[in-house]
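The values are calculated or read from the model by the stated rules, or taken from the named source; none is laboratory data. Keep in mind that this is a model prediction, so the values were computed, not measured. A quick note on method: Cβ atoms are made from the backbone with ideal geometry, for glycine too, and the neighbour counts reach across all protein chains shown.
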Amino acid sequence: MEIPLVDLKANYVSIKKEIDDVIQHVLDETSFINGPYLEEFEQNFARFCNVKHAIGSSSGTSALHLALLAAGIKSGDEIITVPNTFIATTETISQVQGRINFVDVKPDTALIDIDYLKKKITSKTRALIVVHLYGQMPDMKHIKEIADDHDLFLIEDAAQAHAAEWQGHQPGYYGDIATFSFFPAKNLGCYGDGGAVVTNNDDLAEHIRLLLNHGRKQKYKHYIEGYNYRLDALQAAILNKKLQHLQGWTEKRRMHAAFYNKHLSENIKKPVEASNAKHVYYMYEIQAPKREELRNFLQKHGIHTGIHYPIPLHLQPAYEHLKIEKGSYPVSEHLADNILSIPMYPELTKDQLRYIVDHINRFYD
Ligand SMILES: Cc1ncc(COP(=O)(O)O)c(C=O)c1O
């Protein structure tokens, strides 16, 4: 049996007719930039997230960049985030001349350590990017209280957390802004690059709309210098179709996670879902003794795995100039050495799930 980490083909095949039809419509109408497909998706995605504004963007990275620009970050402002995330979270901080201030994470959830966060806030801290890693949100109510107390702009990096919840609220409720990625492998993924910014703040939404479309409201009237960070209509049309399935796909991910939780060996640490959280399992991440041997064993039996992420950001060559020593963020470093992502996607069958569980358990017998 051959089981990929994520099966994009199985997903496409399951909705082939509706996707092929909508792509043909966009082609027939040659409506590629802005226009009704984008507007419809933005309205539907805002309704889905229960926020006032959703603005399509060209990627999750440009969404983060727009959020930081809209936050008004100035040179030397400090932005707090975690080291165990994808580099887009921090490279956009550098792109607005901000300074990265890392906070370590909790060993059970791999999410920001809130007690540690309180200690790292300085007089220069202006914003906080909370990463909903693997599809789970941390205690956003508490984090929002801290952000309000210190007058920090709160950004939720929800690239991995479409439809996730904390106390019944999705990304965008607690933060000033939440950003999403629609990279193909994401829980809601398009067929290229795409992303979105969501917010309940009218002024932020208006500013972001200007920034992402060359600073213009009408065709050749530019109010500010901006960017070309638009989501194109073909991707918006595809996302509109896929959005109708997102809730069902999320429930399937959660069912597969429940199966793994129940049947996987006690020798491995399984992901912890906080009681107030709805985890959407973008990744099902285990902490596995003898990880490399397990990985090779699974690979030999056709089971593909991943590591998200193998090098914490503070130890990446790109951040050598920050001169942060190994050992500075021990939990993130420990996770990088021990975590393993095992196959997780809605179309996984019971036979595939059993095969994966049997092989992992057999390895530890
Ligand atoms: C946590 C996180 N933030 C940001 C991004 C960037 O998204 P994109 O690849 O759409 O630019 C990703 C995508 O992998 C991500 O996982």
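Among (1) part of a loop (DSSP other than H, G, I, E, B); (2) among the aromatic types (Phe, Trp, Tyr); (3) surrounded by fewer than 20 Cβ atoms within 10 Å (Cβ to Cβ), where does TYR345 come up short?
Unmet condition: (3).
Does the stretch 256-267 contain any residue that is buried (at least 22 other Cβ atoms within 10 Å of the Cβ), of a type in the set (D, E, K, R) and assigned by TED's automatic domain parsing to the domain that holds GLY306?
no
Report, ordered by the first and then the second residue, all pairs with beta carbons closer than 9 Å, sequence separation of six or more or different chains, a first member in the stretch 51-63 that is outside the structural domain of ILE177 (by TED's automatic domain parsing) and among the small types (Gly, Ala, Ser), and a second member that is away from the ligand (no atom under 12 Å from the Cβ) and at pLDDT below 95.
none
Please list, ordered by residue number, the helices (runs of 4 or more DSSP H) wholly in the stretch 63-151 having 1 or more residues that are modelled with pLDDT of 95 or more and within 15 Å of the ligand (Cβ to nearest atom).
88-95
So, in the stretch 151-163, exactly how many residues are under 10 Å from the mean Cα position of the chain (by Cα) and of a type in the set (A, V, I, L, M, F, W, C)?
Residues that pass the stated criteria total 3.
Within 16 Å of the ligand (Cβ to nearest atom), among the aromatic types (Phe, Trp, Tyr), more than 30 Å from LEU298 (Cβ to Cβ) and at pLDDT 95 or above: is that true of PHE48 in this structure?
No.
Got a sec? Which of ALA236, ALA288 is out of contact with any Cys (no Cβ under 7 Å at 6 or more places or on another chain), modelled with pLDDT under 95, of a type outside the set (Val, Ile, Thr) and crowded, with 21+ Cβ neighbours inside 10 Å?
ALA288
Assess whether SER181 counts as being modelled with pLDDT under 95, surrounded by 15 or more Cβ atoms within 10 Å (Cβ to Cβ) and not hydrophobic (A, V, I, L, M, F, W, C).
no
If I filter the stretch 137-170 down to residues being in contact with a helix residue (DSSP H, G or I) (Cβ under 6 Å, 6 or more places away or on another chain) and of a type in the set (Gly, Ala, Ser), which single residue comes out as surrounded by the fewest Cβ atoms within 10 Å (Cβ to Cβ)?
Among those residues, the one meeting the criterion is ALA163.
In the stretch 104-132, what count of residues is obtained for those that are in contact (Cβ under 8 Å) with a residue 60 or more places away in the chain and crowded, with 16+ Cβ neighbours inside 10 Å?
So the count comes out to 8.
Quick check on the stretch 206-226. Is at least one of its residues closer than 28 Å to ILE121 by Cα and surrounded by 24 or more Cβ atoms within 10 Å (Cβ to Cβ)?
Yes, the stretch 206-226 has at least one match.
Identify, please: which residue in the stretch 188-241 is more than 25 Å from VAL96 (Cβ to Cβ) and of a type in the set (D, E, K, R) and is, among those, farthest from the ligand (Cβ to nearest atom)?
The selected residue is LYS221.
Within the stretch 21-38, can one find any residue that is modelled with pLDDT of 95 or more, of a type in the set (S, T, N, Q) and crowded, with 18+ Cβ neighbours inside 10 Å?
Among the residues of the stretch 21-38, not one is modelled with pLDDT of 95 or more, of a type in the set (S, T, N, Q) and crowded, with 18+ Cβ neighbours inside 10 Å, which makes the answer no.
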